[in-house]
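I have placed the structure first, in the form of structure tokens, so that the comments after it can refer back to it.
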Amino acid sequence: MKMHKLEEIWLIFGIGVLAVALIVTGYQVYALGMGPPSHKETVDHTLWEDGGEGPAPFNEPGVYEVGDNEYEVIMTLEAFSFNPSEITVPVGAEVTFIMTSKDVVHGITVPHTNLNTMVLPGHIQTITQTFNEADEYLMVCNEYCGVGHHMMTANIIVEE
Amino acid sequence: MNNIIGEVKFRKFGLITIGLAFLLLLIGGAFGVLQALNRAGLSEFFFGLDYYQILTLHGVLLIVSFTLLFMNGYLYSATDYALGGLPKLTRTLAWTGLVSFLIAAVFIVGTILMGEASVMYTFYAPLAASPWFYVGLVFLAFTIFLSAAGIFYAAYDWKKRNKGKHLPLYAFFAVGAYMLISLGTIGVTAKVLLQVPWAFGWTDGVNVLLDRTLLWWFGHTLVNVWYLVAISAWYMVLPKVIGTKIFSDSLARIVVILIVVLNVPGGFHHQIVDPGFTETLKFGHAVMSLAIAVPSLFTAFAMFATLERAGRRRGGKGLLGWLVKLPWKDPKFLTIMIAMIGFIFGGAGGIAQTNNQLNQVVHNTFWVVGHFHVTVGIAVVLTFFGVAWWLVPHLARREFTPFMHKFALWQTWAWVIGMFLMSASMSIVGLFGTPRRSQHSTYGDHAHALEWNELLLIVGAGGLVLMVAGLMIVGGIYYLMFFAPKGHTPFYMQTLQDRDAYKTPLWTENWAMWFALAIVMIVMAYGYPIVDMVINAPPGSPTWRTW
């Protein structure tokens, strides 16, 4: 089929915009390591059944210093709480959250940061954030998980 | 049977399904208003239900049921009109589909009202509703497949009697829309069939990641189905209303084909921040998601060309003078025009948020809710309203009176103002991290959550304006259905086309090929991830009831 000249220009422009978007996104993923959280490890969530301690490392949730101002937070999510629910780190800390769910699908958002990910039972998800400003950050559950969903929070305290 | 007689024959079906659709809009819309007021921190009133029950109902009634019923009423009427009648088998399938819908509604709405299914319209496992909720969903899938089969048979029957001829364009749109909804429904049917035995306790565990993937195979396809239904009116109705020809028959057909073939893999962009998929896989799916925008670029060009020609013919001069000359005081035009403008913003937002890292900023925030209240709430629903204003009196053999024309204009502006206030404030506050699908909460008066309050008040204000606009549309439609003066309202379908002096290629008619190509795309997109997530699955999840 024949195309109008202006139509060709418009399509080249439009598809060009899409291509630029993809190039920028791809550059950020592959060259800058800014890809979205995509951890592939699974975990046996049935070890929590009947009061079990759960699978390692989630049997010992907490904040662990793993390097020079680098921290790992081993975190479990369940309806309707985070464990640990209070995390204190110094300014400039690079914090890697290693998370799983003990029950249903949850998610996290931390306003004032780009921390945002889904947390599924049976799957481990990791996401890293450097906190450059002292503040008290709010972590909320962002996936509907039941009647207390809007009460499910944790605090991240970043101290001077 | 081939000539166009000027009236839809399958009138009762259209009237009943569209009448039912607007009843659901009234109920589901009322729940929406209560949610908006709650999010603004103004109200805890939910008709004795809880927030998550009415949220589930709002989603089920509006995004699945209102749209599906309207699609059936509208596209069956349009196909009937374009083909000069529908075969008996098609009519039987349509009625059977409607009966199946009513059975589905009893199971689904019943279990939600009883508090047995507060699982949202996404019903993610391992949240486990009453098994009867999932049984209801099986009937809903039946409705979709039966309705699609009816349209396919009507097209097949017409082609058999009109060998070598092109299927009329309106029917071509209908075949495309039902093809796409069928392709999408395959995914969610698989999900439901895995959940029924699990919810009854016959199987032990469910694969949570697979469940989400099958849902979004359907979920994003569904909104693109509504979009395809809406643009059928942009291509077919708009030129008739503004007195110009269709820009290009072959272009329109290619847009339909591209939307059907490219769409299903795009659903993956709902899982960009999920665990269990590699970054490379997610990047590949970002490419697929952006590909969906390409047919919309075609549409944008065709629509502006159509509008400019009509405006110039009416005496519009200069670069933009034609815009002023368009019939802004005709609700049949105004609704579709604002719907298209809305889609420019909604579509651009969609393109932005499907890029992986940008998606991480907005995923599951109120931004997304703002996004689909522009795309569905304005681009799609306003088109549906624009069609309903004349289709309902056409089917009811009544007049779309001058007073109702004015009333429709007021209704349109009220709807647009309400939807704009609500979706703009939702989008902005979402960028600050407000989660979606959450009852109002200040999270213990946390400073970062209190920052949202002013914008959330605008969400509530938008909801109140929408309440007025919603009552106006439902009241207006029922007035035109039952009380307007008897008479005739024409069916607005353009058959003349503008540019293609040459013939549309016949290969566009090869639906078996488009179906096969769409399946190839689906297998390419989903084959590897699904095999991977089944083989490397964690233990299945038991049922959970957390409400």
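Quick note: the coordinates plus some simple rules give every number you see, no bench work behind them. Predicted model only: the values in this text are computed from it and were never measured. Methodologically, a virtual Cβ is constructed for each residue, glycine included, from the backbone with ideal geometry; neighbour enumeration extends over all protein chains shown.
For segment B:238-243, putting each phi into the Karplus relation 6.51 cos²θ - 1.76 cosθ + 1.60 with θ = phi - 60° gives couplings of 3, x, 5, 5, 9, x Hz, in residue order, rounded to whole numbers and with x for Gly and Pro. In whole Å, what is the distance between the alpha-carbon centres of segment B:293-316 and segment B:59-91? Each part's Cα centre sits 27 Å from the other's. Residues B:ARG39, B:ARG161, ranked from the fewest to the most other C-beta atoms within 10 Å, line up as B:ARG161, B:ARG39.
When the Gaussian network model of chain A links Cα atoms closer than 10 Å, the mean-square fluctuations of A:PHE97, A:PHE13, A:PHE80 top out at A:PHE13. Counted by neighbouring Cβ atoms within 10 Å, the residues B:TRP322, B:TRP390 run from fewest to most as B:TRP322, B:TRP390. Under a 5 Å amide H cut-off, with hydrogens placed 1.01 Å from N, B:ARG436 pairs with B:THR365, B:PHE366 among residues at least 5 apart or on other chains. Any lysines with Cα under 30 Å of the B:LYS160 Cα? List them, leaving off those in the same chain fewer than 8 positions away. Of all the lysines, those that pass the test against B:LYS160 - Cα under 30 Å, at least 8 places apart if same chain - are A:LYS2, B:LYS9, B:LYS12, B:LYS88, B:LYS240, B:LYS245, B:LYS503.
Taking the centroid of alpha carbons for each part, segment B:487-547 and segment B:6-34 are 25 Å apart.
Beta carbons within 10 angstrom, averaged per residue: use that to sort the peptides B:461-468, B:508-515, highest first.
Highest mean packing first, the order is B:461-468, B:508-515.
If you average the alpha carbon positions of segment B:154-217 and of segment B:320-362, how far apart do those two centres end up, in angstrom? Here the two parts' Cα centres lie 28 Å apart.
Shown is the FRET efficiency for B:LYS160 and B:LYS9, computed with R0 = 22 Å from the Cβ-Cβ distance and rounded to the nearest 0.05: 0.70.
Which value, to two decimals, describes the C-alpha radius of gyration of segment A:45-159 once divided by 2.2 N^0.38 Å? Walk me through the numbers before you get to the answer.
Values: Rg = 13.6 Å, N = 115, 2.2 N^0.38 = 13.4 Å.
Normalised by 2.2 N^0.38 Å, the Cα Rg of segment A:45-159 equals 1.02.
Check which residues have an amide H placed less than 5 Å from A:THR88's amide H, if you skip close sequence neighbours. Hits under the 5 Å cutoff: A:ILE157. At an R0 of 22 angstrom, the distance between the Cβ atoms of A:TYR30 and A:THR126 translates into a FRET efficiency of 0.75.
Near A:VAL104, the amide H atoms lying under 5 Å from its own belong to A:ALA79; only residues 5 or more places off or on other chains count, and H is placed 1.01 Å from N. Of the peptides B:46-58, B:402-414, the order by per-residue mean of other Cβ atoms within 10 Å, starting with the highest, comes out as B:46-58, B:402-414. Kirkwood radius and radius of gyration were both taken over the C-alpha atoms of segment B:329-472, and their ratio Rg/Rh is 1.07. Counting only other residues whose beta carbon sits under 15 Å from that of B:TRP132, what net charge do I get with K and R as +1, D and E as -1? My count for the surroundings of B:TRP132 gives 0.
Excluding same-chain neighbours fewer than eight residues apart, the lysines reachable from B:LYS282 by a Cα-Cα span under 29 Å are A:LYS40, A:LYS102, B:LYS191. Per-residue Karplus couplings for segment A:42-50, computed as 6.51 cos²θ - 1.76 cosθ + 1.60 with θ equal to phi - 60°, are listed in order as 10, 8, 8, 6, 6, 5, 8, 5, 6 Hz, Gly and Pro entered as x. Projecting the Cα atoms of B:GLN35, B:ILE18, B:THR79 onto the dipole axis of segment B:1-89, where Lys and Arg carry +1 and Asp and Glu carry -1 at the beta carbon, places B:THR79 farthest toward the positive end.
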